Amino acid sequence: MATQSPPSPSSTAGNPPTLAAETSQQATGVQQDGPPEAAEQPISSPSVFVNSEPMREEQVQNAVKFLSHPKVRGSPVIYRRSFLEKKGLTKEEIDEAFRRVPDPPPSAQATSANQDGQVKSSSSNIQSQAPTQALQPQPAGAAPTAVSPASTMMMSRFHWYHAVLAVGLLAASGAGTAVFIKKSLIPRLKSWIRKVVLEEEDDSENKSIAKPSLAEEAAAAAKAAAAAASDVAKASQELLNSKNEERRYFSELMNLLDVQLQEMKSMSNSIRKLEGPSNNSGRTSLVNQEDHRDSVTGVKQPYANGKADFDMQSVRSSSPPAPGEPSVAPHPKSYMEIMAMVQRGEKPPNIRDINDLPPNPNQQLPNPRLAPKAKPWEVGQAQIASGQVIQSQRKNVKITEVGEDEIKAGPYGVRTNEPPVQRTWVPPQPPPVVMPEAAEAIRRPKPSGPTEQSTSHQLASQASEVADELQRITKISEVGGIEEIKGNGSVQNSSEIQEEQETHA
Amino acid sequence: MPVFKTPFNGYSVKFSPFYESRLAVATAQNFGILGNGRVHVLDLSPAAPALTELVAFDTADGVYDLAWSESHDSLLIAAVADGSVKIYDTALPPTANPIRSLHEHTREVHSADYNPTRRDSFITSSWDDTVKLWTVDRPTSVRTFKEHAYCVYNATWNPRHSDVFCSASGDCTLRIWDVREMGSTMIIPAHEFEILACDWNKYDDCLIASASVDKSIKIWDVRNYRVPIAVLNGHGYAVRKVKFSPHKRNLLASCSYDMTVCLWDFMVEDALVGRYDHHTEFAVGVDMSVLVEGLLASTGWDELVYVWQQGMDPRAV
């Protein structure tokens, strides 16, 4: 039926071990009910109430990214799950994401260790690539370094935590290279050029002008060197630009994550706020939550000053605030007073000490006096489905009425009384009306005294009289004779009186 | 139309599935912040249109929700703010009640719902992030469902599939559960804000309505849960409760902190088909009768319980 992966630790954490045994009992007990019910449903055989979509890989990867963030790692598992559920991920997708992220739970570590090793080796490749190439400030070397940032970008989609390191190293090395080039190489080149030029001048002063080619050559060489230096400068500039771009992407990513974390933080803050005050003063979940939402969304509405009519009208005449943005409903003045009192630690004066524990914990459950009635939405179905099965239903009716207690008292999940033909279990029809005046009597219970409140005694007598009539009707249908009514009636009356006396003893 | 004044602030109202004229109201003192609670069982006497109290039970802490048993006509489940679940026998006097007090939740129990098909079990949802499954004859819970990351405000049974229920939580998700499975079978991130209530459509068992702090009600089809079928806007503040009609496929009722009870037809473009602004404080509880078509009840922090027929003015005398 439902394809349930092994339950996450959080769902089973709260259940004592006996419940597992009970659910297995239930499963075996309900097996008879499960398959026939599923097969006879008009909907496809796996239950409709189970999500049967396949896992969406994209969602799982986003979840993995979210869960890998160090800030998220520090938060409790339940909040992480709750966040992902609110984003619309199914249970399977969330479980898969938890499996993929190296997580404290031991079941996840074995599978994640392999992935971890793979990730680390790939990132170390990146790291070894970057420094070696970056420290070669040649025009030829600039191209591979331009490529390696691109490759790190590719890898970063899967394991950006390691890519952070790689990017950082690249940036540092690029910056270092640029600085190195700017500060040392270029001045060196320039000084070398100056030397050459000076030498040339000296030479030209000392030597004859018959060596112009040397100077020309030197100038040409200097020019070439300058050109090379400028190329190198350009290359390093490009490197720096790509680093900046990367930094920008990275910061965007960080911002998105920060936004998500903000949401989580606000949730946890509000929860902490609610759980902070003690139980006595803490019964403010709904109201406070609305307050908190209010401050988050920025829509401020002052609390109403009282129950005065003008206030009500102002509430009603104003157009309803935009749907989707909750706003705090103005609370009555006395509510605010009581809240203030409770928060100060005072107890409101009108509270009594009441002992509401059961006076007799072993009080017997009452016998049901009335047969359960079919619901209006079931009646239609029953009529359609069970045109031919009235006979068996009548038998069922008697069985349920007499033996109802036994069935109900049985272990949960055991149902012995099902009309076989119907698609879903339908409660049995009320017994057929044999005596119209009895039906009348049932519809209209005997009127009680109008001024005094009916006590439960009267209630009991009314109810038992009604049940009495019902029993008489069934007796009639069973026995088929009317002569016996009077005899039975008197017997039953006396037994009824005895019952009442017993209950009130 | 009959009105009943409760001494405490109303939190929930539920019609009995056995008696057409009977309903129960859950109330809490001091708006449910801190104080006692009381459960009222009221009778709608047909002669004079008035609501009379049949019996009332006092509790040490506020009562946030009620559920009538579907198997025993006199049993009532109460969800209490001190974390306990109490079972009352309305046929016995208050001195003999409650007949059970089940204390397992570690925080306020916010809702209770009885299984309408199996009729032998009920679920309670709590601010301790869990939903628990119980049967009336057992002293301890049968199962605990712990997956939500925040308070579970509401949990309701599917009207046709006896093992499926839905839960609405402050972690902004709806979860669909099957009691035969270990964990939830579907997670719907229904709103951007807390979801305060959920209910199943009685005639199409794949439709769920969710009501949220963001003032909207969304209708979801579990077969295609990424996008809602309909978004119902019109409430001015958070929607506190939502209930599908037991008689009409497309009709649902909702109550909100904007003090109104609204009726919607989600298949129609202009979905709002009725609005009742009889309450003078937050409208917190609403119910539609299963036995009488068109009968509505609502309660709110103004300490009033109204019962009226759809289409009529609840305040009419």
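The values are calculated or read from the model by the stated rules, or taken from the named source; none is laboratory data. The shown structure was predicted, so the numbers you read here are calculated from the model rather than taken from an experiment. Cβ placement follows ideal geometry from the backbone for every residue including glycine, while neighbour counts extend to all protein chains displayed.
Structural remarks
- Every residue from segment B:231-253 that is of a type outside the set (Phe, Trp, Tyr), buried (at least 20 other Cβ atoms within 10 Å of the Cβ) and part of a strand (DSSP E or B): B:LEU232, B:VAL239, B:ARG240, B:LYS241, B:VAL242, B:LYS243, B:LEU251, B:LEU252, B:ALA253
- Any hit, segment B:267-286, residues being at pLDDT below 95, in contact with a Leu (Cβ under 7 Å, 6 or more places away or on another chain), closer than 26 Å to B:LEU66 by Cβ and of a type in the set (Gly, Ala, Ser): yes
- Any chance B:HIS110 is crowded, with 24+ Cβ neighbours inside 10 Å, assigned to a loop (DSSP other than H, G, I, E, B) and more than 8 Å from chain A (Cβ to nearest Cβ): no
- Checklist (1) more than 13 Å from every other protein chain (Cβ to nearest Cβ); (2) over 16 Å from B:THR156 (Cβ atoms) applied to B:TYR237, failing item: (1)
- Close contacts from segment B:156-183, counting a first residue that is more than 9 Å from chain A (Cβ to nearest Cβ) and a second that is in a loop (DSSP other than H, G, I, E, B), with Cβ to Cβ under 6 Å and a gap of 6+ residues or different chains, come to B:TRP157/B:ASN115; B:SER169/B:HIS148; B:SER169/B:TYR150; B:LEU174/B:ALA190.
- Subset tally (residues that are assigned to a strand (DSSP E or B) and within 19 Å of the chain's Cα centre (by Cα)) for segment B:61-94: 17
- Per-region count, segment B:208-234, residues touching a Cys at 6+ places or on another chain (Cβ under 6 Å), aliphatic (A, V, I, L, M) and at the interface with chain A (Cβ under 7 Å from one of its Cβ atoms): 1
- Being more than 8 Å from chain A (Cβ to nearest Cβ), over 22 Å from B:LYS241 (Cβ atoms) and crowded, with 20+ Cβ neighbours inside 10 Å is true of B:ILE87.
- Residues in segment B:134-152 that are outside any loop (DSSP other than H, G, I, E, B) and at the interface with another protein chain (Cβ under 8 Å from one of its Cβ atoms): B:THR135, B:ARG143, B:THR144, B:LYS146.
- The set of residues in segment B:95-106 being in contact with a strand residue (DSSP E or B) (Cβ under 6 Å, 6 or more places away or on another chain), facing chain A (nearest Cβ under 8 Å) and outside any strand (DSSP E or B) consists of B:ASN97, B:PRO98, B:ILE99.
- Being free of Cβ contacts under 8 Å to residues at least 24 places away in the same chain and surrounded by fewer than 23 Cβ atoms within 10 Å (Cβ to Cβ) is a description that applies to B:ALA47.
- From B:TYR11, B:TYR64, residue being farther than 17 Å from B:MET288 by Cα and modelled with pLDDT of 95 or more: B:TYR64
- Test: residue in segment B:282-294 that is within 12 Å of chain A (Cβ to nearest Cβ), surrounded by fewer than 20 Cβ atoms within 10 Å (Cβ to Cβ) and of a type in the set (Asp, Glu): yes
- Positions within segment B:71-84 being closer than 26 Å to B:CYS151 by Cβ and either surrounded by 24 or more Cβ atoms within 10 Å (Cβ to Cβ) or in contact with a helix residue (DSSP H, G or I) (Cβ under 6 Å, 6 or more places away or on another chain) (or both), in sequence order: B:LEU76, B:ILE77, B:ALA78, B:ALA79, B:VAL80, B:ALA81
- Check on B:THR106, farther than 20 Å from B:ARG138 by Cβ, among the polar types (S, T, N, Q) and either out of contact with any helix residue (DSSP H, G or I) (no Cβ under 8 Å at 6 or more places or on another chain) or touching a residue at least 60 places away in the same chain (Cβ under 8 Å) (or both): no
- Matching residues, segment B:201-230, being among the basic types (Lys, Arg) and not in a loop (DSSP other than H, G, I, E, B): B:LYS218, B:ARG223
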